[in-house]
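The values are calculated or read from the model by the stated rules, or taken from the named source; none is laboratory data. This is a predicted model, so every value here is computed, not measured. Backbone-built Cβ (ideal geometry, glycine too); neighbour counts: all protein chains shown. Just so you know, the surface numbers come from the protein's heavy atoms only, side chains and all, with ligands and any DNA or RNA stripped out. Shrake-Rupley method; radii C 1.70, N 1.55, O 1.52, S 1.80 Å.
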Amino acid sequence: MPNLIARFASNVFWLGRYLERAESIARILDINETYARDKSAGPDWERILVLNADRERFLESHEEITPQTVLGFYLSDRDNPTSVAYAMDAARQNARSVRHLISTEMWKQLNVFFNQFSSSIKRGVPLSSLSRVCGEIKEGCQTFEGVAEGTFFRGEAWCFYHLGKYIERADQTTRLLDIGYEQLSQDEGEALRSVHANVLLRSVSGYHAYRSRFPTVLRARDIANFLLYDPQFPRAVALCAIQMSARLRDLDKICRDSSATEAEKARGTLEYLLKTGLGGSFTPKQLYRFLDDLQIALGEVSDSIRKTYFAHA
């Protein structure tokens, strides 16, 4: 792939990843705030730092882990590469580089969203406003996705945008399941488990979809299998893997690049892991180990795409 096209392909890929990441971070903050109510703040908010491998970096600039410091770190800290602010800045910069490849409507919507977000975090976000701000972030990302669906030309750039989006989405679903399943598996009584199940499913906009599969019960094992394997739920890891496979096949036809076998091999490893990793019955420890393996496999797919298509960027 020529240098110029490789650079643009990388821009579109990361545009998809960063917008999906911004939405997912908002979902994680929102769900954690719900879990943290009426509990000591430290362990709950520290969990987010651990999930994103950010604890060490966070403590370099913060003396203690509190709701306020964690919120600032993940919402408005532009020096933190896993923050919403960083993701929004990076998405806008990548979109600017490929304005000739994306639709005018996509560019306009991203700018409106960016300005709205910047205004919301300008003076900080108190805990009482977190749900509203996270809702605005999720709505802005979903609006952009809708505009892209209706206006983005189905060519090479579209393939890279979707690869970035689905890799990030699958990775973030594993993180949300990780933070939510711990609550589901605790022996806290049926009523409280039902609350936790509702919060987890609604955090991925999956409550009604889950109920269409399991109308009468909210079981931790069923929820985990639904988020991992359901081929019709948009945020299930299995559906994301299906979409990745389809876009890689499209790119193989377009680019006819013999080096694409590396990306195909990484994709095959992910597919094999999904087929063989968990049985019908599993312990929480087995699930957490499997989620770690999935995150590693998704990272390898992303890295193989970089080596195959962006090496000259």
Positive-end extreme of charge dipole, the range 1-135 - chosen from Ser120, Val70, Ile31 (charges on Cβ)
Ser120
Taking every pair of Cα atoms in the range 223-313, average 1/r, invert it to obtain the Kirkwood radius, and report Rg/Rh to two decimals.
1.03
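Given contacts defined as C-alpha pairs under 8 Å and at least six residues apart, what's the relative contact order of the chain, whole-number percent?
Relative contact order of the chain: 25 percent.
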Long-range Cα-Cα pairs in the range 138-254 (distance over 24 Å), rounded percent:
34 percent
Per the Kirkwood definition applied to all pairs of different Cα atoms, how many angstroms is the hydrodynamic radius of the chain?
20.2 Å
Please list, in order along the range 147-159, the HN-Hα scalar couplings obtained from phi with the Karplus expression 6.51 cos²θ - 1.76 cosθ + 1.60 (θ = phi - 60°), rounded to whole Hz, x for Gly and Pro.
5, 4, 4, x, 10, 7, 4, 7, x, 4, 4, 4, 4
Give the carbon-plus-sulfur fraction of the accessible surface of the range 232-285 in %, rounded to a whole number; probe 1.4 Å, heavy atoms of protein chains only.
53 percent
Charges at C-beta only: +1 for Lys and Arg, -1 for Asp and Glu. How large is the resulting dipole of the range 93-226 about its Cα centre, in Debye rounded to 20?
340 debye
Residue-normalised value, i.e. accessible area per residue, for the range 1-130 at 1.4 Å probe, in Å², stands at 46 Å²
Rounded to the nearest 10 Å², what accessible area does His62 have for a 1.4 Å probe in the complete protein model?
40 Å²
How far, in nm, would the chain grow between Ser118 and Phe153 when pulled straight, counting 0.36 nm per residue and subtracting the alpha carbon separation?
9.7 nm
I need the peptides 124-131, 84-91, 104-111 ranked by packing, meaning the mean over residues of other C-beta atoms within 10 angstrom, with the highest value on top.
84-91, 104-111, 124-131
What is the Cα coordinate range of the range 45-204 on the first, second and third principal axes, sorted by size from largest, in whole angstrom?
53, 35, 27
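Mind checking the range 124-230 for trypsin sites (Lys or Arg not before Pro) that DSSP puts in a loop (not H, G, I, E or B) and that have at most 11 other Cβ atoms within 10 Å?
Here the sparse-neighbourhood loop sites are Arg154.
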At 0.36 nm per residue, and after removing the present C-alpha to C-alpha distance, how many nm does the segment from Gln232 to Arg211 gain when stretched out fully?
6.2 nm
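What are the trypsin sites (Lys or Arg not before Pro) within the range 254-313 that DSSP puts in a loop, where the Cβ has at most 13 other Cβ atoms within 10 Å?
Numbers: sites: Arg256, Lys265, Arg267, Lys275, Lys285, Arg289, Arg306, Lys307; in loops: Arg256.
Counting only loop positions with at most 13 other Cβ atoms within 10 Å, the trypsin sites (Lys or Arg not before Pro) in the range 254-313 are Arg256.
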From the cross-link list Lys138/Lys165; Lys108/Lys165; Lys122/Lys165, the entries with a Cα-Cα span beyond 25 Å are Lys122/Lys165
